[in-house]
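Everything below concerns the one structure shown next.
The values are calculated or read from the model by the stated rules, or taken from the named source; none is laboratory data. No experiment lies behind these values; they were computed from the predicted model shown. No Cβ is skipped: glycine too gets one built from the backbone with ideal geometry, and neighbour counts run over all protein chains shown.
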Amino acid sequence: MKMILTSAAVVITALSLALLPACASRKEAPDPIKVQEEIAEYRNQELELVRTTVLDDQRAEQLIQLIGKRDQLISGYVKEIQTYRKKMAVLNADYNADRSRFDDLMADYNSQRSVAQIAFIDLIADMKKVTTPDEWKVISKYQLKRLNPRALAYGQTQAGD
């Protein structure tokens, strides 16, 4: 019995030592203000990229307007996420909350999320209509790298909480 306990202690100690570096390498959450500053800089770079890539001024301006609409959609969706998180926290704290209330909250949120996703798809289609395939390739590559909706929403939810 003593041998088993000693072996177990050795295994637990070895695992603990092996996992320490993994814990030490975890990064802290990014500074929300720094994230907002980076996003603002990336948006400025995106506008400059549009102006240098889409040489037709009218189409460039239309695309810039659509980019503004994208930013509004993201801000609206971030507010929906924040509202959902608050409602979920309240519901979770309510010991007497039953499953149906959670289901209703999730169904409402999923409906809002679906509407937002369709709006984003429509917006992307509109952006493609005012660009050539070559222009879109350059702009969309930048957007995916620097301004994807998840990163934009993350920056806003962190700063807004």
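Couple of notes before you dig in:
- Ala40 vs. criteria within 15 Å of Tyr142 (Cα to Cα) and at pLDDT below 95: yes
- Test set (1) touching a residue at least 60 places away in the same chain (Cβ under 8 Å); (2) exposed (fewer than 15 other Cβ atoms within 10 Å of the Cβ); (3) among the hydrophobic types (A, V, I, L, M, F, W, C) - Ile74 fails condition number: (2)
- The listed residue being modelled with pLDDT under 90 and over 30 Å from Lys145 (Cα atoms), out of Ala24, Ala8: Ala8
- Within segment 44-62, the set of residues being in contact (Cβ under 8 Å) with a residue 12 or more places away in the chain, crowded, with 16+ Cβ neighbours inside 10 Å, not in a loop (DSSP other than H, G, I, E, B) and not polar (S, T, N, Q) comprises Glu46, Leu49, Val50, Arg59.
- Lys79 meets the stated requirement of being within 26 Å of Gln143 (Cα to Cα) and either exposed (fewer than 12 other Cβ atoms within 10 Å of the Cβ) or among the basic types (Lys, Arg) (or both).
- The number of residues in segment 95-130 that are outside any helix (DSSP H, G or I) and either in contact with a Lys or Arg (Cβ under 8 Å, 6 or more places away or on another chain) or within 30 Å of Leu66 (Cα to Cα) (or both) comes to 1.
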